[in-house]
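In what follows, a structure is listed as C-alpha cells, so that the remarks can point back to it.
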Amino acid sequence: MRIRSLVFCAGLLVAARLVSAGEAAPAPAAAPGPQKFVQEGLAVELSLERVDGNKHAPVMEGETARVTLAIQDATTGTPVPNLYPGAWMDRLKKDKEEGSTCQKKVEAFIGGSILSRPELDLNVYYVLSLNQDATISVVDPLFGYGNSKLLSMVFLKSPGEDWALTADGSRLFVSLPDSNRVAVVESANWKVVLEVGTPARPRRVGLQPDGQYLWVAYEGTGPWAESGVTVIDTRGLRKVADVKTGKGAHDLAFSDDSRFAFVTNEGDGTVSVIDVGQLAKVRDVKVGKAPVSIAWSTQAKAAWVTALDGTISVVDAASAEPRARMQASPGLGQIRFTPDGRLAFIVQPNKNEVHIADVASSRIVQTADVEAEPDQVAFSSELAYIRHRKSETVLMIPLKTVGDPNRVVSIVDFPGGEHPPGRLPLPTPAAGIVQAPGATAVLVSNPEDKVIYYYKEGMAAPMGHFQNYGKQPRAVLVVDRSLREVRPGVYETITRMGPPGEYDLALYVNSPKVIHCFPVKVAANPTLAEKRKKERALDVEFRVGRHEVAKGEEVAVRFRLTDPVTGEPRTGLKDVRALAFLTPGIWQQRHWATELKDGVYEFRFSPPDPGVYYVFVESASAGLLLQKSPYLTLEAKEGAAPNKEASVNRP
C-alpha cells in the first residue's frame with residue numbers, strides 16, 4: 001500500500017511548519033557515511049548527501065540534499081522494487097517526551113496529526129494553480145479532495161501567463177506580461193525571490209531538457225516592436241542573452257539533446273532555429289502561414305509545427321527547408337506527442353476534430369470527432385485527454401487503440417465540471433490537465449467552477465475536487481516531493497534541509513512492515529546564521545491547534561516571540577500588533593496583542609466571512625516588520641461548529 005494512500009485516507013491537514021529555529025552547534029568536519037539496518041528480511045541503507053557535488057561536507061540548513069534509500073533482500077542481496085516507502089524527518093526536542101518511540105512517531109505521521117507533524121515530509125506532492133489574478137495557490141491535496149487545503153499563496157506583481165518548473169521542483173519560473181518580467185519562485189518557502197526583466201511582454205516559457213537555460217518568448221505590441229526570446233541561466237538566475245527571432249506570437253520546443261531551440265514566429269510564418277551553445281539564431285525556416293504550436297519528436301529527431309492554414313511541417317536543425325509537410329484543413333491548434341513518441345495528436349478547433357499523425361510515415365492516419373472546440377491534449381501512460389473551450393466534457397482516447405488507419409478511434413468521456421474547463425477569461429498556454437503523481441489519475445483545472453477536479457481512470461466522473469478559495473484556476477501544475485524509485489530497489493527524493501539540529505529520519509514500509517528511525521544531523525549554515533543576525537529581529541512561532549474555524553467565531557491566536565540568536569523569549573514588548581486579512585485583501589483588521597507569559601502573546605478577532613485568512617505580526621520596537629513576518633493561515637467556514645475554547649491554539 002502506498003504511503004500516499006494512507007495519508008489520503010487520514011483526511012487531515014499537515015500545515016507548513018511556521019517555526020524559525022535558533023542557532024545550533026558548529027557544523028561537523030565531515031559528512032557521515034551511509035547507515036544500514038536489517039529488519040523483516042530487508043537490508044536498508046540510507047545515504048544523505050549534498051547535491052552540490054561536495055559529498056564529503058555535511059548537509060547544512062537551507063541547502064538541498066539528496067535522500068537515498070537502497071533496499072535489498074537481506075539474504076540474496078537482490079534489490080527489492082515497488083515498495084513505496086514513506087519517510088519523514090523529525091527534529092528532536094531538547095527534552096524528549098516520555099514513551100516517544102519510533103513506532104509512535106510513524107503512527108502519528110501517517111495519521112496526519114497536526115500536533116505531531118514532522119519538520120520535513122518526504123512523501124508529499126503539492127498542486128499549484130495559476131490563477132486569474134496575480135496569485136498562485138499552493139495546495140496539499142493528500143488530505144482529502146473534498147476539502148481544499150491551502151498550504152500557501154504566492155503573490156505576483158501581475159497575473160502570470162505561463163510557467164515552468166525545474167526537474168527537482170526547487171524553482172518555478174512565471175512569465176508576467178503586464179510587468180515585462182519573469183518571476184522566480186522558490187518552492188522551499190513559496191516566495192518570489194527574484195524578477196528578471198525582458199525587452200517586451202513575456203509569454204511562453206520553456207526549460208530545455210538539461211535544465212541549463214530557461215527560454216522566455218516575448219512579444220512587442222507595435223508593428224516595429226522587438227520580438228524574440230530571452231535566455232536565463234537557471235543556476236545563476238541571470239539573463240545571458242536576448243535573441244531576436246520574428247514577428248508575432250511564439251511557441252517553443254527543444255531538441256532532446258538541448259543543442260537547439262526552435263521558436264515559432266506567427267507573424268512571419270517561420271520557425272527560428274537557435275544554436276544553444278552559441279546562443280545565436282542559425283536560420284529561419286519557412287513553414288505554414290501563422291504557425292501556432294510546436295513540439296519535438298524524439299523518434300523523428302525533428303520539430304513538428306502546426307499552422308492556422310492547416311499545414312503541418314517537420315523541421316530539423318540542419319535543413320533550410322522542412323523535411324516533410326502534411327496538409328489538413330485550416331484552423332489547426334496544439335500539437336503534442338504520445339509518451340512513446342510514436343504518434344502526434346493535433347487539435348482542430350474549427351471542425352471539432354483531433355488528427356492523429358504517424359511519426360514514421362509523416363502522415364495523418366486517423367481523425368476523431370470530438371466535442372466543441374478542442375484546445376488542449378494531455379497524456380497519461382494509457383490515455384489521451386482532450387479539453388474543450390465550449391464543452392464541459394473531457395474526452396479520453398485509449399492509446400492502445402490508435403495508430404491504425406483502418407480503425408475507428410475509440411472515445412470515452414467524463415464531465416470536467418459544470419462549465420467548459422477550456423473556457424478561459426484570460427488565456428494561457430499552460431496545461432489545464434496534468435497527471436497526479438503515483439496514480440492513474442489526472443487533475444483538471446476549471447476556471448468558472450473555481451475548483452480543480454481529481455479524476456481517476458476508469459471512473460464515470462471525478463472522484464472529488466478541492467476548492468481554490470474563490471480564485472479562478474487557469475492552469476494546474478504538480479510539484480512532487482515524494483520518494484521515487486529511480487532504479488530497482490533504490491528510492492530517492494531531493495529536499496531542502498530545515499533548521500540545524502538533530503533529527504530522526506523515520507522510515508515506514510507497509511509490506512513487509514518495517515519501521516526504523518535513523519539519527520541524522522543537519523549542520524548550521526554560517527552564512528544563514530550571519531544573515532539572520534542582520535535581517536531577522538524576532539522569531540515568530542504560531543502555536544496552532546487547528547486551522548479551521550467558524551465564520552463569526554471569536555478566535556484567540558497565540559504566538560511566541562524569541563530572540564533569533566539566543567532563542568530566549570522576548571518579553572515585555574508593548575507594541576506587538578497583528579494584521580489579519582481575508583484573501584485576496586477584501587477585508588483586514590489590525591489588533592494589539594497582549595502578553596500572556598514567557599514571550600507568548602495573544603490577540604483575538606472574529607472572521608466575518610468564509611474564506612482564507614492570513615495573520616502577520618509586527619513590533620516596531622523590536623524591528624519586526626509585517627513584510628518580514630512568518631504568517632499563519634486560517635480557514636473560516638460557514639456553519640462550522642465553534643470551538644468551545646474559542647481558540648485555535650495548543651497550550
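Average accessible surface for the stretch 274-365: 39 Å² per residue, computed with a 1.4 Å probe over protein heavy atoms with every protein chain in place. Between the stretch 584-630 and the stretch 221-272, the alpha-carbon centres lie 45 Å apart.
I need the shape label for the stretch 281-363. Rule: rounded when a/c is under 1.5, else prolate if a/b > b/c, else oblate, with a, b, c from the alpha carbon gyration tensor. Don't skip to the end; give the middle numbers.
Numbers: a/c = 1.96, a/b = 1.19, b/c = 1.65.
It comes out oblate by the Cα gyration axes.
Every Cα-Cα pair in the stretch 184-277 was counted, and those over 19 Å apart are 39% of them.
Using only the alpha-carbon atoms, how far is helix 102-111 inclined from the longest principal axis of the chain? Give it as 0 to 90 degrees, nearest 10. Rounded to the nearest ten degrees, it is 50. Taking amide H atoms as placed 1.01 Å from N in the peptide plane, the amide H of residue 436 lies under 5 Å from those of 441, 442, 443, each 5 or more residues away in sequence or on another chain.
Which loop trypsin sites (Lys or Arg not before Pro) in the stretch 410-487, with loop taken from DSSP, have no more than 14 other Cβ atoms within 10 angstrom of their Cβ? It would help to have the intermediate numbers written out before the result.
Numbers: sites: 423, 450, 456, 471, 474, 481, 484; in loops: 423, 450, 471, 481.
For trypsin sites (Lys or Arg not before Pro) across the stretch 410-487 that sit outside H, G, I, E and B with at most 14 neighbouring Cβ atoms in 10 Å, the list is empty.
If r is the Cβ-Cβ distance from residue 241 to residue 487 and R0 is 45 Å, what FRET efficiency results, to the nearest 0.05? Let's see the in-between values first.
Details: r = 36 Å, r/R0 = 0.81.
Plugging the Cβ-Cβ distance into 1/(1 + (r/R0)^6) gives 0.80.
Largest first, the three principal axis extents of the alpha carbons in the chain are 76, 63, 51 Å in whole numbers.
If you stretched the chain out fully between residue 404 and residue 478, how much longer would it get, using 0.36 nm times the residue separation minus the C-alpha to C-alpha distance? Intermediate values should be presented prior to the final figure.
Values: separation 74, 0.36 × 74 = 26.64 nm, distance 3.32 nm.
So the extension gain works out to 23.3 nm.
Size estimate for the stretch 220-349 follows the Kirkwood approach: the inverse of mean 1/r over distinct Cα pairs works out to 14.9 Å. Computed from label points 7 Å out along Cα-Cβ, the spacing between residue 318 and residue 56 is 4.5 nm. Hey, any idea what the orientation-averaged projected area of the convex hull of the stretch 521-642's Cα atoms comes to, in nm²? Over all viewing directions, the stretch 521-642 projects a mean Cα-hull area of 8.7 nm².
Considering helices alone, the calculated mean residue ellipticity of the chain at 222 nm is -1000 deg cm²/dmol, with DSSP H runs of length four and up weighted by -39500 (n - 2.57) and normalised per residue. Between 0 and 90 degrees, the angle of helix 526-535 with respect to the longest Cα principal axis of the chain falls at about 80 degrees.
Assuming 0.36 nm per residue, please report the length gained on full extension of the stretch residue 598 to residue 155 beyond their Cα-Cα distance. It would help to have the intermediate numbers written out before the result.
Numbers: separation 443, 0.36 × 443 = 159.48 nm, distance 3.40 nm.
Extra length available between residue 598 and residue 155 comes to 156.1 nm.
Ligands, DNA and RNA are left out, and with a 1.4 angstrom probe the accessible area of the stretch 432-580 is 38 Å² per residue. The fraction of accessible area contributed by carbon and sulfur in the stretch 125-218 is 44 percent, rounded to a whole number (1.4 Å probe; ligands and nucleic acids excluded).
Among the trypsin sites (Lys or Arg not before Pro) within the stretch 40-74, those in coil by DSSP and having at most 12 neighbouring Cβ atoms inside 10 Å are 55. Here the gap between residue 627 and residue 259, fully extended at 0.36 nm per residue and compared with their Cα-Cα distance, gives a gain of 128.2 nm. Since only 260, 227, 514 are under comparison, the one whose Cα sits farthest along the positive direction of the charge dipole of the chain, derived from C-beta charges on Lys, Arg, Asp and Glu, is 227.
When the charge dipole of the stretch 181-336 is built from unit charges on Cβ atoms (+1 for Lys and Arg, -1 for Asp and Glu) and taken about the Cα centre, the candidate among 199, 214, 241 whose Cα reaches farthest toward its positive end is 199. The eigenvalues of the Cα gyration tensor, multiplied by 5 and square-rooted, give the stretch 443-484 an equivalent ellipsoid with semi-axes of 19, 16, 8 Å from largest to smallest. In angstrom, the C-alpha Rg and Dmax of the stretch 454-594 are 22.0, 61.
As a quick test, which of the pairs 36/105; 191/239; 531/628; 351/390; 244/286; 157/390 have an alpha carbon distance above 22 angstrom in this structure? It would help to have the intermediate numbers written out before the result.
Values: 36/105 20 Å; 191/239 20 Å; 531/628 13 Å; 351/390 13 Å; 244/286 16 Å; 157/390 31 Å.
From the list (36/105; 191/239; 531/628; 351/390; 244/286; 157/390), the Cα-Cα distance tops 22 Å for 157/390.
Solvent-accessible area assigned to carbon and sulfur over the stretch 391-468 amounts to 53 percent, based on a 1.4 Å probe. Taking amide H positions as modeled 1.01 Å from N, with prolines and chain starts lacking one, the residues under 5 Å from residue 324 and 5 or more places away or on another chain are 314. Ordering 129, 408, 170 by Cα displacement along the dipole of the chain toward the positive end leaves 170 in first place; charges were set at the Cβ atoms of Lys, Arg (+1) and Asp, Glu (-1).
The values are calculated or read from the model by the stated rules, or taken from the named source; none is laboratory data. In this text, all values refer to a predicted model and were calculated from it rather than measured experimentally. All Cβ positions, glycine included, derive from the backbone under ideal geometry; neighbour counts span all protein chains shown. These area figures cover heavy atoms from the full protein model, side chains too; ligands, DNA and RNA do not enter into them. Shrake-Rupley method; radii C 1.70, N 1.55, O 1.52, S 1.80 Å.
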